[in-house]
1. Can you tally the net charge around I152? Count Lys and Arg as +1, Asp and Glu as -1, for every other residue whose Cβ sits under 11 Å from the Cβ of I152.
2. Could you give me the ³J(HN,Hα) list for region 40-50, computed from phi with Karplus coefficients 6.51, -1.76, 1.60 and θ = phi - 60°, whole Hz, x at Gly and Pro?
3. Using 22 Å as the Cα-Cα cut-off, could you pick out the over-long pairs in K82/K127; K33/K139; K101/K139; K65/K105; K65/K116?
4. Starting from region 43-117, pick out the GluC sites (Glu not before Pro) whose DSSP state is loop and whose Cβ has at most 13 other Cβ atoms within 10 Å.
5. Mind giving me the nanometre distance, one decimal, between the label points for N57 and K150, set 7 Å out from Cα along Cα→Cβ?
6. Zone of Q140 (label point 7 Å along Cα→Cβ, backbone N under 14 Å): which residues in region 57-75?
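Read-outs throughout are calculated quantities, based only on the coordinates presented, and are distinct from any laboratory measurement. Keep in mind that what you see is a predicted model, and the values were worked out from it rather than measured. Methodologically, a virtual Cβ is constructed for each residue, glycine included, from the backbone with ideal geometry; neighbour enumeration extends over all protein chains shown.
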Amino acid sequence: MGQQADRVKEREREESNIKEGSKKPMIQYWLMKTEPGEYSYEDLERDGWTHWDGVRNHQAQNNMKQMAVGDEVLIYHSVGPKEIVGIAQVSKRSYPDPTAKPGEKWIVVDVKPLKKLATPVKLAQIKATPDLLEIPLVKQSRLSVMPLEKPIFDQLVQMGGSH
């Protein structure tokens, strides 16, 4: 019963992610943090993909459950120079985290690299931009996976010299 209910929810999620009158899914936009000493954007480029594991915050996990294949993700290095360094794409929806301990219900999503930003966007630049003061990166600084509105995503990409 539980697996069938999960499949129904998954189908409803996929259907709700499709624009009316179109078969194209609506892309959502996100920011995911990583510690570059643990796993950097350069590691993602080298590997070609990864499952985004180790997220142990319930709000971040709920955000990951909302991700769909094709969603775009800004990758933020949260240690050292705090900066957005690249763009990735969700390549597989959420599934059980293979690093979770027995009995834990954590999840992962798979992501693949799309493009390294020409110039990293530093946290100080973001905080100095009035339009960006209300984004979760500034308001909920401890959240590791967060949604972004498309205009904000586009602005951050533009600040990084990429289109």
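1. Details: positive: K150; negative: D131, E134, E149, D154.
Around I152, the surrounding residues sum to -3.
2. Ordered by residue, 3J(HN,Hα) equals 9, 4, 4, 5, 4, 4, 4, 7, x, 5, 7 Hz.
3. Numbers: K82/K127 12 Å; K33/K139 15 Å; K101/K139 31 Å; K65/K105 12 Å; K65/K116 25 Å.
Table pairs above 22 Å Cα-Cα are K101/K139; K65/K116.
4. Values: sites: E45, E72, E83, E104; in loops: E104.
Answer in residue order: E104.
5. A separation of 2.6 nm, rounded to one decimal place.
6. 57-67
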